[in-house]
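Q: Once you've had a glance at the structure underneath, I'll fire off some questions.
Nothing in this text is a laboratory measurement; each read-out follows from the coordinates by a stated rule. Note that the coordinates shown come from a computational prediction; the quantities given were computed from them, not determined experimentally. No Cβ is skipped: glycine too gets one built from the backbone with ideal geometry, and neighbour counts run over all protein chains shown.
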Amino acid sequence: MRQLLLPTLVSASVFLGVAHGYEPVGFAHSNQHLLMQVHGLPELGRAVAPDAGAVGWGLDVDWTSEYTTDTSGSPGAAGSESILLDAESVRVALRGVVNLGGWLLEADVPYVTHTGGGLDGFIDDWHDFTGLPGGGRDQAPRDRLLVRYERDGQAVIDLQQATGGMGDVQLGVARPVGKTVVRVAVKLPTGEADKLTGSGGMGGSMTVDFRGPAGTWWGTFGGVGALVMADGDLLPSQQRRWAGLGSLGLALRLHERLEAKVEVYGHTPLYQDSALGQIARGALVITTGGVLRLSDTTTLDFAVAENPVAKSSPDVSFHFALRHSI
């Protein structure tokens, strides 16, 4: 899919754009891996704030298909591990932000579902068409839900029934400083670890988003930050207490109402004490898509996220984000 969308960015170089400054922002998307998304990984690159007194709201949808499997050691033996993640997840989040005297008050309320879904056939056909590796997906039962992680022959995670519920709510405060926005967020344990809708513990993050070099029709953006994780209920003995993260992106203005963007997002491992990449590996996600400006106050983001680093991020995630300010 990356091969289909990236040429859009290249062809955009023939456009001259418009004369006033261009200030793109990052996608409201982070790693949607089944075992990572529960920890409230923050989005990055959002270095443009609403005007003083303005109120904004948003509706985000992340539709993710994931298949990966791996083993370490002899099955059932001491020290052995095995994992199979085969699921389709949908995360719908209602967002709100208000600018009060230069301070941004933000809220993110998600609802998360995990099912067998219906994307497997489409993704198998895409891999056949492009010649991209499927990682064994084509040999697995289609539209199955099976999330299982074993250590020493014992199941630590076992999810085989469709499930859903409120995810972990996040509340944040941010302050624009020059070409940056400094954010601090707190994650509340409103989700459930056994449903993979939350981590079962508190968490938080601090990020600095920035605007980089830009012209009249192109711009760069990015961010860095740290994620802090308190004791949770999902793999508590393997969970790390903190992780670093960062992103860089490029945007091109194709038209006054259409932008193309590509963003690279990564983070260090969230777990430890495992030989499996699905657990103890850092992640890298490449998100490619665009922004359609529906009106002066309403935008629609659309993107596809893929995993250049296998196992620690999903095969594919479709991202949509509607934004409106008043």
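Q: Which lysines have a Cα lying under 22 Å from the Cα of K179, excluding residues fewer than 8 positions away in the same chain?
A: Within the straight-line cut-off, K179 pairs with K261.
Q: Evaluate the charge dipole of the chain about its Cα centre and quote only its size in Debye, nearest 20, assuming +1 on the Cβ of each Lys and Arg and -1 on the Cβ of each Asp and Glu.
A: Taking the Cα centre of the chain as origin, the dipole is about 1000 debye.
Q: Can you give the calculated 222 nm mean residue ellipticity of the chain, where each DSSP H run of n ≥ 4 adds -39,500 (n - 2.57) and the sum is split over every residue, rounded to the nearest 500 deg cm²/dmol?
A: Using -39500 (n - 2.57) per qualifying helix, the result is -2000 deg cm²/dmol.
Q: What shape does region 73-123 have by the C-alpha gyration tensor, where a ≥ b ≥ c are the square roots of the eigenvalues, rounded means a/c under 1.5, and otherwise prolate means a/b greater than b/c and oblate the rest?
A: Cα axes put region 73-123 in the oblate bin.
Q: Another one. Sequence-distant or interchain residues sharing an amide H contact under 5 Å with T197, placed H: which?
A: Residues meeting the amide H criterion: E192.
Q: If you don't mind, another one. Which of the lysines could a cross-linker bridge to K195, judged by Cα under 20 Å and excluding same-chain residues fewer than eight apart?
A: Partners found: K187.
Q: Sort region 114-207 into rounded, prolate or oblate with this rule: let a ≥ b ≥ c be the square roots of the eigenvalues of the Cα gyration tensor; rounded if a/c is under 1.5, and if a/c is not under 1.5, prolate when a/b is larger than b/c, oblate otherwise.
A: Oblate, because a/c is 1.5 or more while a/b does not exceed b/c.
Q: Another question, then. Using unit Cβ charges (K, R positive; D, E negative) and no other charged atoms, how large, in debye to the nearest 20, is the dipole of region 189-326 about its Cα centre?
A: Result for region 189-326 is approximately 300 debye, rounded to the nearest 20.
Q: How far is helix 120-130 tilted, in degrees, relative to the longest principal axis of the Cα atoms in the chain, given as a value from 0 to 90 rounded to the nearest 10?
A: That works out to roughly 70 degrees.
Q: In degrees, nearest 10, range 0 to 90: what is the angle between the Cα axis of helix 2-11 and the longest Cα principal axis of the chain?
A: That works out to roughly 20 degrees.
Q: What does the convex hull of the Cα atoms come to per residue for the chain, in Å³?
A: Hull volume normalised by residue count: 121 Å³.
Q: Turning to a different aspect of this structure: Under 5 Å between amide H atoms, partner at least 5 residues away or on a different chain: which partners does Y271 have, H built in plane at 1.01 Å?
A: Answer set, sorted by chain and number: R240.
Q: Please label the shape of region 209-259 as rounded, prolate or oblate, based on the square roots a ≥ b ≥ c of the eigenvalues of the alpha-carbon gyration tensor (a/c under 1.5 means rounded; beyond that, a/b larger than b/c means prolate, else oblate).
A: Prolate, since a/c reaches 1.5 and a/b exceeds b/c.
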